Amino acid sequence: MNSGKRLDQQDPLANFKQEFFVEKEMVYMDGNSLGLMSKRAETALQNLMESWKTFGIDGWTEGEHPWFTLAESLSARVAPLVGAQPHEVMVTGSITSNIHQMLSTVFQPTLERYAIVVDDLNFPSDIYAVESHLRLRGVDPVRAMRKVGSRDGYTLELADIIEQLTDDVAVLLLPSVLYRSGQLLPIREIAEAAHQKGILVGFDLAHSIGAMPHELHDAGVDFAVWCHYKYMNSGPGGTGGLYLHERHHHLLPGNAGWFGSDKTRQFDMDHEFSKAEGAGAYQIGTPHIFSMAPLLGSLELFEEAGIEAIRQKSLQLTTLLRQLIGQQVPELVDVTPIEDDARGGHIAFAHPEAARICKALKEAKIIPDFRAPNIIRLAPISFYTSFSDVEQVAEKLKNIMENETYKNFSNERNVVA
């Protein structure tokens, strides 16, 4: 018996694979970009569509999951996954819209403190949002948006982050896990260093929520945003989430809207805003019920499996993946940190022909993720990736490189790779 099958027999999460729609003979390694659909997510969506069919407008207050309080009930269940109090979390918006909401709420520049620190490797949308807030406040982004540089082009050093925390900085916004390399940043250490300088700290959890435990409240993180369509498997464009530490709940939302109202007074139709308690105040418009629905089913799986067990298997999968590829395909450069506490749920490999290699992998029924200009991201997901799957990925990648079949494909980038 090979090692993959032996590990699969010992895997306490192995049965969860049958909960997902996995195409036969395909190994899906792109769950860090879009997670697969689970049967329970499908059922949850169908049930909420049925509630619309059955109740019409009364679906807001009737049925198993009344729409009027659906976001709040989901938020209380998401909170443990990010290490927050239930009233600190809200399922709402998207990553970018939630960044706008959080910055419009907590970023209050003065003549002395006006800068926002980001990093040179961050996802572009986060940067666009920060630039827009600086402009809206009459601050020149060229002067006030500071970027932490990378020494190797893939990772960040804690010392370099701390060096940027000067007296004129108001907010530090970083990813928890860098999307290109998979580096997991030391969230608690960063928050402590920033708070010593009087700087607010926010994190984008896009590439960590659902892959590992978090301790946002205890670490003192001021705010965070995330999506639910990657490791959380809530479907394309699924409603995102935000966290705001309870010490900031006195703040009025920078972008106020009807659903940020106190729910007991929301239908008074008063033009004076009655702020909801907790993170619910930072909703804006009517919740997207069908975009939230799959999360109901997905959360059941997380509650049954446990996020600690999910993280443990993820580390085992990624360790095996990088070991096998390191042995069998040494021409790929592993750019993800080695230490368990310094990496997220995917492994990133650099190669000049990365785009062509990804296309060859897809033809071989291995679904990877390409990131310009030269990164192959592989994310074995604890719910639906087996250890035998990982062995298959390494073997097919070895064959692609040895036989140079990737040369049959163009190196042009697809819109979605």
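Give me the net charge for the shell around G149: Cβ to Cβ below 11 angstrom, other residues only, Lys and Arg +1, Asp and Glu -1. Can you show the working numbers first?
Details: positive: R146, K147, R151; negative: D119, D120, D152, E157, D160, E163.
My count for the surroundings of G149 gives -3.
When a footprinting reagent is the concern and you count Cβ atoms within 10 Å, what order do H250, H133 take, fewest first?
On the way: H250 8, H133 22.
Going from sparsest to densest Cβ surroundings: H250, H133.
Quick one: Cα centre-to-centre distance for the range 117-137 and the range 54-74, in angstrom?
Rounded to whole Å, the Cα centres lie 36 Å apart.
May I ask for the net charge around S274, where only other residues with Cβ less than 15 Å from the Cβ of S274 are counted and Lys, Arg are +1 while Asp, Glu are -1? Each step should come with its number before you reach the end.
On the way: positive: K263, R265, K275; negative: D262, D268, D270, E272, E277.
Once positives and negatives cancel, what remains is -2.
Under DSSP H, which helices of the chain have Cα atoms covering 15 Å or more of the helix axis and a Kyte-Doolittle average no less than -0.5?
Numbers: long enough: 39-55 (24 Å, -0.79); 70-82 (18 Å, 1.08); 95-106 (16 Å, 0.47); 124-136 (18 Å, -0.08); 289-305 (25 Å, 0.98); 307-328 (31 Å, -0.10); 387-403 (24 Å, -0.58).
Taking the DSSP H segments of the chain (at least 15 Å long, mean hydropathy at least -0.5), we get 70-82, 95-106, 124-136, 289-305, 307-328.
Mind telling me which of G278, G138, G260 comes out most flexible in a GNM of the chain, alpha-carbon contacts under 10 Å?
Greatest mean-square fluctuation among the candidates belongs to G138.
Using the basic label-point model (7 angstrom from Cα toward the beta carbon), what is the E42 to H288 distance in nanometres?
2.2
Loop sites only, by DSSP: take the GluC sites (Glu not before Pro) in the chain that have at most 16 other C-beta atoms within 10 Å and name the longest stretch containing none of them.
Values: sites that count: E23, E25, E62, E64, E112, E157, E215, E272, E277, E331, E339, E404, E412.
Counting at most 16 other Cβ atoms within 10 Å as exposed, the longest clean stretch of the chain is 340-403.
Could you tally the net charge around F20, taking each other residue with its Cβ under 14 Å from the Cβ of F20, Lys/Arg +1 and Asp/Glu -1? Let's see the in-between values first.
Numbers: positive: K17, K24, K39, R40; negative: E19, E23, D30, E42, E300, E304, D389.
Here the count lands on -3.
Starting from 0 in steps of 20 Å, tell me what percent of the Cα-Cα pairs of the chain lands in each bin.
Reading upward from the zero bin: 26, 55, 18, 0.
Put a dot 7 Å past each Cα toward the Cβ at Q85 and K398; how far apart are the dots in nm?
Using points 7 Å along Cα→Cβ, the separation is 5.4 nm.
Dividing the alpha-carbon Rg of the range 25-130 by 2.2 N^0.38 Å yields what? Spell out each step's value before the answer.
Working: Rg = 19.0 Å, N = 106, 2.2 N^0.38 = 12.9 Å.
Taking N as the residue count of the range 25-130, the ratio is 1.47.
Expected output is a single nm value to one decimal: the length gained when fully extending between E23 and D120, i.e. 0.36 nm times separation in residues minus the C-alpha distance. What is it? Intermediate results must be reported in sequence, preceding the final value.
On the way: separation 97, 0.36 × 97 = 34.92 nm, distance 3.70 nm.
Taking E23 through D120 to full extension adds about 31.2 nm, to one decimal.
Give the residue list of trypsin sites (Lys or Arg not before Pro) in the range 211-309 that are DSSP loop and have at most 15 other beta-carbon atoms within 10 angstrom.
Values: sites: K230, R247, K263, R265, K275; in loops: K230, K263, R265.
Taking the range 211-309 and a limit of 15 other Cβ atoms within 10 Å, the loop trypsin sites (Lys or Arg not before Pro) found are K263, R265.
Please find, in a Gaussian network model of the chain (springs between Cα atoms separated by less than 10 Å), the residue of S386, S314, S73 whose mean-square fluctuation is greatest.
In the Gaussian network model the winner is S73.
Calculate the spin-label point distance for L111 paired with H271, positioning each point 7 Å from the Cα along the beta-carbon direction, and give it in nanometres.
3.6
Once every DSSP H run of n ≥ 4 in the chain is given -39500 (n - 2.57) and the sum is divided by its residues, what mean residue ellipticity at 222 nm do you get, rounded to the nearest 500 deg cm²/dmol?
Details: 13 runs with 152 residues, N = 417.
Using -39500 (n - 2.57) per qualifying helix, the result is -11000 deg cm²/dmol.
Suppose R0 equals 22 Å. What FRET efficiency, 1/(1 + (r/R0)^6) with r the Cβ-Cβ distance, do D168 and E246 give to the nearest 0.05? List each step's numbers first, then the result.
Working: r = 28 Å, r/R0 = 1.25.
FRET efficiency, D168 to E246: 0.20.
For the range 364-411 and the range 271-303, compute the distance between their C-alpha centroids and round to whole Å.
With the range 364-411 and the range 271-303 each reduced to a Cα centre, they are spaced 36 Å.
Kindly put D58, D152 in sequence by how many other C-beta atoms sit within 10 Å of each C-beta, fewest to most. Walk me through the intermediate numbers first.
On the way: D58 13, D152 9.
Exposure proxy ranking, most exposed first: D152, D58.
For L156, L321, what ranking results if the residue with the fewest other Cβ atoms within 10 Å of its Cβ goes first? All intermediate terms of the calculation are to be shown ahead of the outcome.
On the way: L156 23, L321 26.
Least to most surrounded, the residues fall as L156, L321.
Assigning unit charges at the beta carbon (Lys, Arg +1; Asp, Glu -1) and nothing else, what dipole magnitude in debye, to the nearest 20, does the range 37-132 show about its Cα centre?
Details: 5 positive and 12 negative charges, 43 e Å.
Roughly 200 debye, rounded to the nearest 20.
With +1 on the Cβ of every Lys and Arg and -1 on the Cβ of every Asp and Glu, and nothing else charged, how large is the dipole of the chain about its Cα centre, in debye rounded to the nearest 20?
Values: 37 positive and 55 negative charges, 184 e Å.
Value, rounded to 20: 880 debye.
Rule-based calculations on the coordinates, nothing more; no lab input. Computed from a prediction, not measured in an experiment: that's the story for all the values here. Every residue, glycine as well, gets a Cβ built from its backbone with ideal geometry; the counts of neighbours run over all protein chains shown.
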